[in-house]
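Chemist: One structure is given below, represented as C-alpha cells, and several questions about it will come after.
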Amino acid sequence: MTTAALQEDTPGKRAPLVLGHRDFNAVTETVAGIVEKKTTPSWLVLLGLAVSVLLILLGSLGKLAAEGLGIWGLNNTVFWAWDITGFVFWIGIGHAGTLISAILFLFRQKWRTSINRAAEAMTIFAVMSAAIYPVFHVGRVWFAYWLFPIPNQMSMWPNFKSPLLWDVFAISTYATVSILFWYVGLVPDLATLRDRATTKVRSIVLGIFSLGWRGSHRNWLNYEKTYLILAGLSTPLVLSVHTIVSFDFAVSIMPGWHTTIFPPYFVAGAIFSGFAMVVSLMVLARKAYGLEGLITIKHLENMNKIILLTGTMVGYAYAIEYFIAWYGGNEYERFAFINRAFGPYKWAYWTMWSCNVFSPQLFWFKRIRTSIPAMFVISIFVNIGMWFERFVIIVTSLHRDYIPSSWTYFRPSLFDISTFLGSFGLFFTLFLLFLRFLPAVAISEVKGVMPQADPHAGHGDDHGHDAHDDHHEEASAKSDESEDESEDEGDEGDEASEGDAEKDEEESRG
Amino acid sequence: MDKAHRHEELEEEAAKPFGLMGYFLTPGELMHACEKLKNAGYKDFDAQTPFPVHGLEKAMGLPPSKMPWIVLTCGTVGLLSAIALTAFVSFDYPLVISGKPSFSYQAYVPIMFELTVLFSAFGAFFGLWGVNRLPMFYHPSMKHPSFPRATDDAFFVTVEAKDPKYDASKTRKLLEDLGAREIVEVTE
C-alpha cells in the first residue's frame, strides 16, 4: 500500500471527491458536455437494443391483455411466481437510489453527490418496471384503477385491512415522492443547461422545465430546507415501502412467509440489490462518458462496502430463518425450510446463497473492491442472487402446500420469461434516454462539495475534507479573517493531495 | 389616454433601473461583499450563485426558511385525511375480517403513514415554488451580459434600486471597492 493510499484511509484526511484539478467551470463542462454533444452511434445502437427488448415486453403484455393470465405458468398451487418475483426484484433495486439520495444525505455522506442523480433516475425507472406486474396481474388491465379507493356505483371499497392495498398506497406514494425529489434536484442543473443553450428550441424547453431558476440565495435557502425535508420524508418512506412489500407475505399464514424477520430482511436485501445495480450501471456509464474524475474509485469502493455489509445482513437473515424454523417447533414451518434447501428447488436455493452471501465476501479484500472488473462481475452476481432470493421465498413456499396431492413443480411459460426480460428493455430504454438528455451528475451538488466551495477556503489544511460544516457556525465570527483569502484558494497542498489520489486510483486499477 | 402617451409611459417604465449587478469568482469574496452590504444598511440585495454557499444567509441577514411550517401543515392534513378515509370506508361498507371491529385502526397505520408522507411531499414541492415565486420566466437580473455564468462559476450580487439606501453612483463605488467585476445597472 502506498503512502497516498494510507493517507486516504486516515480519518480526518479524506480522499478528494473530485479528481483532476477541476474548477467549477470544468465540472459544468464535463457534465453538460455529455448532454450537449452530438448523439454517438454507440448510444444509438444501445438504444436500438433496449427498444427491441422493450417491444418484447409490449408484445407479451398485449398477449396477456388479449388472452388473460392463463398464458403465464401459474397454477392452482403456485398462484404467484415470476410476476411477484419481478415486482419485488425491481422495487428492491429502486431502493438504493433513495438510500443514496436521502439516507446518505441525512448522514452527511458527501460522496453521494456524484452518484445520486443517476441512482434516483434508476429508482424511478425501476419502480415503473415493477408497477407493470401488479397492474397487469389484475387480469383485466383496463380495470386497474379499481385498486384505488374511488367512489363507484356499487358503493364498494377496497379492503383496507389487506397488505395488498397498503402496497398500492406505499408504491404510488413512493413513485410520486421519488419523482418530486428528483425533479427538485434537477431544476438548478436544468437552469445551467438553459444558460448554455445555443439553439432557440433548447433554451425554450429548458427554460420551461427549469422554471426560471436564477440561483438567488433567497431561493437557495428555501431549496436547501426543502431538500432536507424531502430527504427526511423519503428515509422512513423507503423503509416503509419494502416493509409493506414484505407484509404481502408476512401477514399471510403460509409456512415460509409468516415470519416477523421479513421487514428488516427485505429492506436490507433491497438496499443490497439496489447498490449492486448502481455499481453495474455506474461502472459502465463513467467509462462511456469519461466521468472517472467525478465518479471515482473511492465512490465505487464505498458502494462495495455497503454491498458487503448488506450482503452479510441478508446472510444472517437466511441463517436465522432456519434457526427459528427449528426452534419454533412448528412442523409445517420446519418442512418448508428443509424443502427449500434440499427439495426440488435446491438449485435455486444454493444459487441464492452463492450469489448473495458468498460472492460479496470477496469485498473484504481491498484489491477486489477497488478492481473494476471484479466489482462488475460481483454486482451482476448479486443481481442474479437477489432475483433468486425472491423466487425461492415465493415459489418454494407455495409449491408443496398442506395437501401432498396438490404438490407441483412450477415451470415458467415463455410469456413469464419474455415479460421479465422485456422489463429490462423498459428500464434500459428510460435509463439511456436519461443519460442522453439530462445531466447524469448533480452539477450544483458536486460544486458544493469541492474544496473551493467553502467560503473560508485557504486556511491551512482545510482543503479536501469535511471541515466545511464546522465553519458554517462560525461564519460571522470569521468574517474578518476571510477578507483576503480569495486569491490563495486552490493552493499547493490541495493540488498535491488531488494528484496523489489520482495516482492511487491508477495503481489500484492496474 | 392617447396611444403615443401610453407608448411613452411604457418606454419610461421599461427603462426603470432594477438594480446594480456585479460578480465575484469565489464564494469567499461574495460572502465578504454580502456582509459589507448588510453592514452598510442595505436590505434589498440578493446573491446569485451556481450552488448554495453555506453561511451566506447569515452574511446577508436573511430570516430562516418558512418551509418546515408549510410541510408540517400539509402533513397534518394528510394524516387527518387518511383517518377520515379509513373511518368512512369502514363504516360505509363494513368488511368483517376475522371478527375484528370495523374501524381497526391498527391495520390502517400504513395508510395513515403513506398519506402523511404524500401530502407532506406535495406541500414541500409546491410550497417551494410558491415561496420562491417560481416559475418566473423573466427576471431583470437575467439581463446582465454575464448572467449565464451565475449557474456556472460566477457569484453574483444584485443591489436592487428599491432599497432606500440605493444610490446609483455610491452603490457602484461600494461594489467596486469590494472587488466586484463587470458592474452593470440592469433595467426592469
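The values are calculated or read from the model by the stated rules, or taken from the named source; none is laboratory data. Quick caveat, the model's predicted, so the values are computed rather than measured. Here the Cβ is made from the backbone with ideal geometry for all residues, glycine too, and neighbour counts use every protein chain on show. The area values use the complete protein model at the heavy-atom level, side chains included, leaving out ligands, DNA and RNA. Shrake-Rupley method; radii C 1.70, N 1.55, O 1.52, S 1.80 Å.
Chemist: With θ set to phi - 60°, apply the Karplus curve 6.51 cos²θ - 1.76 cosθ + 1.60 along region A:132-143 and write out the HN-Hα couplings as whole Hz, x wherever there is a Gly or Pro.
Modeler: My calculation for region A:132-143 gives 3, 5, x, 5, 7, 6, 5, x, 9, 5, 6, 9 Hz in order.
Chemist: Each label point is 7 Å from the Cα along the Cα-to-Cβ direction; what then is the distance between the points at A:TRP142 and A:PHE424, in nm?
Modeler: Those two pseudo-labels are separated by 3.4 nm.
Chemist: OK, next. Could you check the spin-label model distance between A:ARG108 and A:ASN152? Points 7 Å from the Cα along Cα→Cβ, value in nm.
Modeler: It is 5.2 nm.
Chemist: At q = 0.16, 0.18, 0.22, 0.23 Å⁻¹, what is the base-10 log of I(q)/I(0) for region B:87-178 according to the Debye formula with one equal point scatterer per Cα and no solvent? Please give it to two decimals.
Modeler: -0.90, -1.01, -1.15, -1.18
Chemist: Over all alpha-carbon pairs in region A:88-168, figure out the percentage whose distance exceeds 17 Å. Display every interim value, and only then the final one.
Modeler: On the way: 1934 of 3240 pairs.
Tail of the P(r) past 17 Å holds 60 percent of the pairs.
Chemist: Now, a different point. Just grab the label-to-label distance for A:ALA65 and A:VAL377, each label 7 Å out from Cα along the Cβ direction, in nm (one decimal).
Modeler: So the label points at A:ALA65 and A:VAL377 sit 4.3 nm apart.
Chemist: For a label point 7 Å from the Cα of A:TYR332 along Cα→C-beta, name the residues of region A:378-409 whose backbone N is under 13 Å from it.
Modeler: Counting backbone N atoms under 13 Å from the label point, the list is A:398, A:400-404.
Chemist: With a 1.4 Å probe and all protein chains in place, put A:ARG218, A:ARG108, A:ARG194, A:ARG286 in order of accessible area, largest first.
Modeler: Details: A:ARG218 90, A:ARG108 120, A:ARG194 30, A:ARG286 10 Å².
Highest to lowest solvent-accessible surface, that is A:ARG108, A:ARG218, A:ARG194, A:ARG286.
Chemist: Express the relative contact order of chain A as a whole percentage, based on alpha carbon pairs under 8 Å and six or more residues apart in sequence. Please report the intermediate quantities before stating the final value.
Modeler: Numbers: 644 pairs, mean separation 153.9, N = 510.
So the answer I get is 30 percent.
Chemist: Now for a separate question. In Å, what Rg and Dmax follow from the Cα atoms of region B:67-131?
Modeler: 14.6, 49
Chemist: Which FRET efficiency value, to the nearest 0.05, is calculated for B:SER81 and B:ALA15 with the Förster distance at 60 angstrom and r the Cβ-Cβ distance?
Modeler: Numbers: r = 51 Å, r/R0 = 0.85.
It comes out at approximately 0.75.
Chemist: Let me ask something additional. Cα axis of helix B:3-14 to longest principal axis of chain B: angle in degrees, 0 to 90, nearest 10?
Modeler: 80
Chemist: Accessible area of region B:45-175 with a 1.4 Å probe: how many percent of it is carbon plus sulfur?
Modeler: Numbers: 4250 of 6040 Å².
Here carbon and sulfur together make up 70 percent of the probe-accessible area.
Chemist: Gaussian network model of chain B, Cα springs within a sub-10 Å range: biggest mean-square fluctuation belongs to which of B:ALA154, B:ALA59, B:ALA40?
Modeler: B:ALA40
Chemist: Let's see if you can work this out: charge +1 on each Lys and Arg Cβ, -1 on each Asp and Glu Cβ, no other charges. What is the dipole magnitude of the protein assembly as shown about its Cα centre, in debye to the nearest 20?
Modeler: 3140
Chemist: Ok, one more. Treating the angle as unsigned and between 0 and 90°, give the value, to the nearest 10°, between the Cα long axis of helix A:262-288 and the longest Cα principal axis of chain A.
Modeler: Once rounded, one gets 50 degrees.
Chemist: Take the alpha-carbon centre of region B:35-51, take the same for region B:131-188, and report the distance between them in whole Å.
Modeler: Measuring centre to centre over Cα atoms gives 10 Å.
Chemist: Turning to a different aspect of this structure: Hey, in the GNM for chain B with a 10 angstrom Cα cutoff, which one of B:PRO50, B:PRO148, B:PRO135 fluctuates hardest?
Modeler: The residue with the greatest mean-square fluctuation here is B:PRO135.
Chemist: Binning at 5 Å from 0, report for region A:255-347 what percent of all alpha-carbon pair distances ends up in each bin.
Modeler: 3, 12, 17, 15, 14, 11, 9, 7, 6, 4, 2, 0
Chemist: Counting alpha carbon pairs within less than 8 Å and at least 6 residues apart, what relative contact order, in whole percent, applies to chain B? Each step should come with its number before you reach the end.
Modeler: Values: 221 pairs, mean separation 92.0, N = 188.
Normalised by residue count, the contact order of chain B is 49 percent.
Chemist: For chain B, set up a Gaussian network in which alpha carbons nearer than 10 Å are linked by springs, and say which option among B:HIS144, B:HIS54, B:HIS32 fluctuates the most.
Modeler: B:HIS54
Chemist: If you take the accessible area of A alone plus B alone and subtract the pair, what total do you get in square angstrom, rounded to 100, with a 1.4 Å probe? Don't skip to the end; give the middle numbers.
Modeler: Details: alone 23760 and 12540 Å², together 29950 Å².
Summed over both sides, the interface buries about 6400 Å².
Chemist: Against the 2.2 N^0.38 Å scaling, with N counting residues, where does region A:23-449 land? I'd like the Cα-based Rg ratio to two decimal places.
Modeler: 1.02
Chemist: Evaluate E = 1/(1 + (r/R0)^6) for A:PHE79 and B:SER102, where r is the Cβ-Cβ distance and R0 equals 30 Å; express this FRET efficiency to the nearest 0.05. Kindly include the intermediate steps, with their values, before the conclusion.
Modeler: Numbers: r = 29 Å, r/R0 = 0.96.
Given R0 = 30 Å and the Cβ-Cβ separation, E is 0.55.
Chemist: Okay, next question. Can you pull the semi-axes for chain B, root of five times each eigenvalue of the Cα gyration tensor, sorted largest first, whole Å?
Modeler: Working: eigenvalues 521, 100, 34 Å².
Equivalent ellipsoid of chain B: 51, 22, 13 Å, largest first.
Chemist: In square angstrom, what is the accessible area per residue of chain A with a 1.4 angstrom probe? Before the final figure, lay out each step's value.
Modeler: Working: 20600 Å² over 510 residues.
Normalised by residue count, the accessible surface of chain A is 40 Å².
Chemist: Can you list the residues of region B:84-110 that have at least 30 square angstrom less accessible area with all protein chains present than in their chain by itself, probe 1.4 Å?
Modeler: B:LEU85, B:VAL89, B:ASP92, B:TYR93, B:LEU95, B:ILE97, B:ALA107, B:TYR108, B:PRO110
Chemist: With a 1.4 Å probe and all protein chains left in place, how much of the accessible area of region A:23-449 comes from carbon and sulfur atoms, in whole percent?
Modeler: Details: 11660 of 16060 Å².
Here carbon and sulfur together make up 73 percent of the probe-accessible area.
Chemist: Another question about this same structure. Go ahead and run the numbers for FRET between A:SER405 and A:PHE342, Cβ-Cβ distance against an R0 of 25 Å, rounding to 0.05.
Modeler: Details: r = 22 Å, r/R0 = 0.86.
Calculated value: 0.70.
Chemist: Residue-wise, which Karplus ³J(HN,Hα) couplings in Hz belong to region A:184-193, taking 6.51 cos²θ - 1.76 cosθ + 1.60, θ = phi - 60°, and x for glycine or proline?
Modeler: Calculated HN-Hα couplings, in order: 4, x, 6, 3, x, 6, 5, 5, 4, 5 Hz.
Chemist: For region B:67-131, report the accessible area per residue in Å² (1.4 Å probe, heavy atoms, rounded to an integer).
Modeler: Numbers: 3260 Å² over 65 residues.
Per residue, region B:67-131 has 50 Å² of solvent-accessible surface.
Chemist: What number, in percent, do you get for the relative contact order of region B:136-188 if the mean sequence gap of Cα pairs under 8 Å and at least 6 apart is divided by its residue count?
Modeler: RCO, region B:136-188: 47 percent.
Chemist: Which value at 222 nm does the protein assembly as shown reach when only helices count, each DSSP H run of 4 or more adding -39,500 (n - 2.57), with the total divided by all residues and rounded to the nearest 500 deg cm²/dmol? Display every interim value, and only then the final one.
Modeler: Details: 24 runs with 414 residues, N = 698.
Helix-only estimate at 222 nm: -20000 deg cm²/dmol.
Chemist: Additional query: Given a 1.4 Å probe, how much area per residue of region B:135-188 is accessible, in Å²?
Modeler: Working: 2650 Å² over 54 residues.
Per residue, region B:135-188 has 49 Å² of solvent-accessible surface.
Chemist: If I fit a long axis through the Cα atoms of helix B:27-39 and take the longest principal axis of the Cα atoms of chain B, what angle between them do I get, 0 to 90°, rounded to 10?
Modeler: Roughly 80 degrees between the two axes.
Chemist: With θ set to phi - 60° and the Karplus curve 6.51 cos²θ - 1.76 cosθ + 1.60, what are the ³J(HN,Hα) couplings of region B:58-64 in order, to the nearest whole Hz, using x for Gly and Pro?
Modeler: Each residue's phi maps through the Karplus curve to give 6, 4, 8, x, 8, x, x Hz.
Chemist: List every residue whose amide H lies under 5 Å from the amide H of B:GLY19, counting only residues 5 or more places away in sequence or on a different chain, with H placed 1.01 Å from N in the peptide plane.
Modeler: For B:GLY19, the qualifying residues are B:ALA161, B:VAL186.
Chemist: Can I ask one more? If I ignore ligands, DNA and RNA and count only protein heavy atoms, how much of B:ARG181 is accessible to a 1.4 Å probe, in Å² to the nearest 10?
Modeler: Solvent-accessible area, nearest 10 Å²: 110 Å².
Chemist: Going down the table (A:LYS110/B:LYS66; A:LYS110/B:LYS58; A:LYS37/B:LYS58; A:LYS225/A:LYS287), which pairs top 28 Å between alpha carbons?
Modeler: On the way: A:LYS110/B:LYS66 26 Å; A:LYS110/B:LYS58 23 Å; A:LYS37/B:LYS58 40 Å; A:LYS225/A:LYS287 34 Å.
Long pairs (Cα-Cα over 28 Å): A:LYS37/B:LYS58; A:LYS225/A:LYS287.
Chemist: Students sometimes get this wrong: rank A:TRP257, A:TRP326 by accessible area, probe 1.4 Å, all chains present, largest first. Before the final figure, lay out the partial values.
Modeler: Values: A:TRP257 5, A:TRP326 160 Å².
The residues order as A:TRP326, A:TRP257, largest area first.
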